[in-house]
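Asks: What follows is a structure written as structure tokens; I'll ask about it next.
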């Protein structure tokens, strides 16, 4: 679907969704430009993709730093002349009662999850305007739609991502730019398991019970599945879709309560 497309993926070497995104997009024959703070992880994934004949490059960047974002995108445009797609996948979580959230915790999650998404969009959109086409996919969360105790600040950040998605779609549609968001549910991966381990000693049992009782589909979502949804939204096969937020949650948001 993405042959000859130049696509940026932030957080593309992460231990969960970002990793799956990069692999899926590369296997759809995109040139994947991974923007990542963790250089070791980034270089390892780039090497792995290249060993399989895929096109991948790594760019060290802290997306919470606007100047770094601008200089990184400038370097990409100097080399590749264009950016066809952007996936804003980099993000951090926060499990904390809102009234106990410190300024440092609040600023960290907003600077990465929301500002980082904004900064990358701001940096790539002018080039997309010039070429009169482009597709942006922002990774939100089911918490952008509904949430639970201890997730209020995280939900605020992801709700902001979805609002930004709609606003960009409305403003830049006339320029041929599409902007959509994906709401992942419980996605398997090291990062997810670390989060789950904060509130249970039996992570495998929690994952099993969650998929059996909280989702329509008895299925643990894999990072690659988020990548496939993003590949579709980045491709011309979705040319009439913009401003949308699409759940990839195995039906979690459909249920009013758990099955049992």
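Asks: Could you say whether any residue in region 153-165 is assigned to a loop (DSSP other than H, G, I, E, B) and surrounded by 19 or more Cβ atoms within 10 Å (Cβ to Cβ)?
Replies: Just the residues of region 153-165 that are assigned to a loop (DSSP other than H, G, I, E, B), to begin with: none.
Scanning region 153-165, I find no residue that is assigned to a loop (DSSP other than H, G, I, E, B) and surrounded by 19 or more Cβ atoms within 10 Å (Cβ to Cβ), so the answer is no.
Asks: Filter region 122-156 for residues that are in contact (Cβ under 8 Å) with a residue 60 or more places away in the chain and closer than 18 Å to residue 94 by Cβ; which is nearest to the chain's Cα centre (by Cα)? Let's see the steps before the verdict.
Replies: Within region 122-156, the subset in contact (Cβ under 8 Å) with a residue 60 or more places away in the chain is 124, 135, 137, 139-140, 142, 144-146, 154.
Narrowing the set further to residues that are closer than 18 Å to residue 94 by Cβ leaves 139-140, 142, 144-146, 154.
Values: 139: 3, 140: 7, 142: 12, 144: 13, 145: 16, 146: 18, 154: 14 Å.
Per the criteria, the residue is 139.
Asks: Something else: Can you find, within region 202-221, the residue that is farthest from the chain's Cα centre (by Cα) among those that are part of a loop (DSSP other than H, G, I, E, B) and surrounded by fewer than 16 Cβ atoms within 10 Å (Cβ to Cβ)? Don't jump to the end; show me each part of the working.
Replies: First pass over region 202-221, keeping only residues part of a loop (DSSP other than H, G, I, E, B): 202, 214-220.
Narrowing the set further to residues that are surrounded by fewer than 16 Cβ atoms within 10 Å (Cβ to Cβ) leaves 202, 216-219.
On the way: 202: 27, 216: 23, 217: 22, 218: 24, 219: 21 Å.
Here the answer is 202.
Asks: Hey, another quick one. Mind checking whether some residue in region 238-250 is in a helix (DSSP H, G or I) and either over 28 Å from residue 104 (Cα atoms) or in contact (Cβ under 8 Å) with a residue 60 or more places away in the chain (or both)?
Replies: Initial filter on region 238-250 (in a helix (DSSP H, G or I)): 238.
Okay, now just the ones that are also either over 28 Å from residue 104 (Cα atoms) or in contact (Cβ under 8 Å) with a residue 60 or more places away in the chain (or both), so 238.
Yes.
Asks: Moving on. Find the residue count for region 222-237, including only residues that are more than 18 Å from the chain's Cα centre (by Cα) and crowded, with 17+ Cβ neighbours inside 10 Å. Working first, answer last.
Replies: Filtering region 222-237 for residues more than 18 Å from the chain's Cα centre (by Cα) gives 236-237.
Pick out the ones that are also crowded, with 17+ Cβ neighbours inside 10 Å and you get none.
Summing the residues that are more than 18 Å from the chain's Cα centre (by Cα) and crowded, with 17+ Cβ neighbours inside 10 Å in region 222-237 gives 0.
Asks: Still on this structure, I have one more. Tell me which strands (runs of 3 or more DSSP E) are completely within region 1-93 and hold 2 or more residues being in contact with a strand residue (DSSP E or B) (Cβ under 7 Å, 6 or more places away or on another chain), surrounded by fewer than 24 Cβ atoms within 10 Å (Cβ to Cβ) and at negative phi, or say none if there are none. Reasoning before the result, please.
Replies: Working: elements: 6-10, 31-36, 55-60, 85-88.
The strands (runs of 3 or more DSSP E) meeting that bar are 55-60.
Asks: Do we have residue 119 as closer than 26 Å to residue 22 by Cβ, under 17 Å from the mean Cα position of the chain (by Cα) and surrounded by fewer than 19 Cβ atoms within 10 Å (Cβ to Cβ) here? Walk me through how you get there before you give the answer.
Replies: Working: closer than 26 Å to residue 22 by Cβ: yes; under 17 Å from the mean Cα position of the chain (by Cα): yes; surrounded by fewer than 19 Cβ atoms within 10 Å (Cβ to Cβ): no.
In short, no.
All of the numbers you see were taken from the coordinates with simple rules; none came from a lab. Note that the coordinates shown come from a computational prediction; the quantities given were computed from them, not determined experimentally. Note: ideal-geometry Cβ built from the backbone for every residue, glycine included; neighbour counts use all protein chains shown.
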